Structure formats: C-alpha cells, structure tokens
Amino acid sequence: MDDAALIEHSLELVAARVGDPAPLVYARLFAQFPELEALFVRDVSGIVRGNMLTTTLECLVDFAGARAYAHHFVGSERVNHGGLGVPAEMFDRFYATVIATFREVLGAAWTAEIDGAWTRAAEGLVAAARE
Ligand code: HEM
C-alpha cells in the first residue's frame, strides 16, 4: 500500500474501533494545552471541531497522494488561525495530537508501516504549508 492508502486504511480501523474519533482527539489536545479549549467557545455543538478534524484528515490524504491542494489550503489556514488566536506552533502540532490519539486507539494495529506513512505525510505537509 502507498502512504495515502495506508492512512485511509488506518482511518477505517480507527472508525471501526471508536466511531467518531473527534472527542478523543480534542480531549487529548485540551488536556495538553488547556488554553486552547476557550478558542472553541462558539462551537457549542462540536460541529466546527468535527469539520476541522475531517478537513485535516482529508488534507493529509491529499498530501500523501495526489497533492492537489492540501499544502495551499493548510498554508492559508495557518495564517487564518493566527487571526483566531491560534499560535503557529500550536497549529503546526495538531497532526502530532491526531497521531498520538490514533496510535493509542489502535495499539498493536498501529504498525510501523502506518506510523511511517503518517509521519512522512504530516511532517511534509506542515513543512510545505510553512513555505
Ligand atoms: C491546535 C491547532 C488548532 C487549533 C487550536 C484550531 C482552532 C480552531 C478554531 C478555534 C476554529 C473555529 C473558528 C470559529 O469559531 O469560527 C477552527 C476552525 C477550523 N480549523 Fe482549526 N485549529 C487548529 C488546527 C487546524 C489545522 C492544522 C487545520 C488544517 C486544515 C485546521 C482547519 C480548520 C478549519 C477548516 C476550520 C473551519 C471548520 C468549520 O468552520 O467548519 N485547524 N480551528
């Protein structure tokens, strides 16, 4: 499997284990950086958080595969998020939070191959978005 397929496969495994992973991802984010929770104060229903996570995952698959848009999109969101009060270094480490969450969810099913695909794509995308 190529990296995009490995990432998609691991997303299916995560969904099969926990359904919607958004609550776990944001719980981990806010446990580590409590100050970020207040930024989502308007997102009473969680829809924005859900959309944001979905978008980040779609961008990762795009960057690992077709590379059609993700680096441009994430690059402009990086700037937009500065206006929302999200420091650039926090923005850049969101994928690390996602990876840590999914690694814990999948346990032994998070293989070295899957880890490599996620790490390559996330590091590459974050670096490309900064350019
Ligand atoms: C720790 C890192 C991040 C924080 C704290 C954060 C914070 C936020 C907040 C507070 C909002 C809601 C804005 C509002 O009230 O209108 C939001 C929306 C959004 N974020 Fe992030 N963000 C982070 C990382 C990212 C990354 C890496 C992406 C990459 C694509 C991203 C994409 C989006 C998108 C697309 C939305 C709009 C969702 C919607 O309105 O449906 N965010 N983010």
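Quick note: the coordinates plus some simple rules give every number you see, no bench work behind them. Computed from a predicted model, the values in this text were never measured in an experiment. When we count neighbours, we look across all protein chains shown, and the Cβ atoms used for this are built from the backbone with ideal geometry, even at glycine.
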Item to check | Pair Ala88, Asp43: separation of 7 Å Cα→Cβ label points (nm) | outcome: 2.2
Checklist outcome for this item: Across Glu104, Glu89, Glu113, the residue with the highest GNM fluctuation in the chain (Cα network, 10 Å cutoff) is Glu89
Item to check | Charged-residue dipole, Cβ positions (Lys, Arg, Asp, Glu), segment 3-130 about Cα centre, Debye nearest 20 | outcome: 160
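How fast does the chain diffuse by Stokes-Einstein, in µm²/s, taking the Kirkwood radius from C-alpha pairs at 20 °C and 1.002 mPa s? Intermediate values should be presented prior to the final figure.
Values: Rh = 15.1 Å.
The estimated diffusion coefficient comes to 142 µm²/s.
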Checklist outcome for this item: In nm, the gap between the two label points placed 7 Å beyond Cα toward Cβ at His9 and Ala100 is 2.7
Checklist outcome for this item: Applying the span-like rule to the chain (DSSP H, Cα extent along axis at least 24 Å, Kyte-Doolittle mean at least 0.0) gives 47-64, 112-130
Checklist outcome for this item: For Thr54, the net charge from surrounding residues (Cβ-Cβ under 13 Å; K, R +1; D, E -1) works out to -2
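What does the charge count near Ala27 come to, summing +1 for each Lys or Arg and -1 for each Asp or Glu among other residues with Cβ under 14 Å from its Cβ?
Details: positive: Arg28, Arg49; negative: Asp20, Glu37, Glu104.
After counting each charged neighbour, the total is -1.
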Checklist outcome for this item: Of the residues Ala128, Ala109, Ala4, the Cα lying farthest along the dipole of the chain towards its positive end, which is defined by charges on the beta carbon of Lys, Arg, Asp and Glu, belongs to Ala128
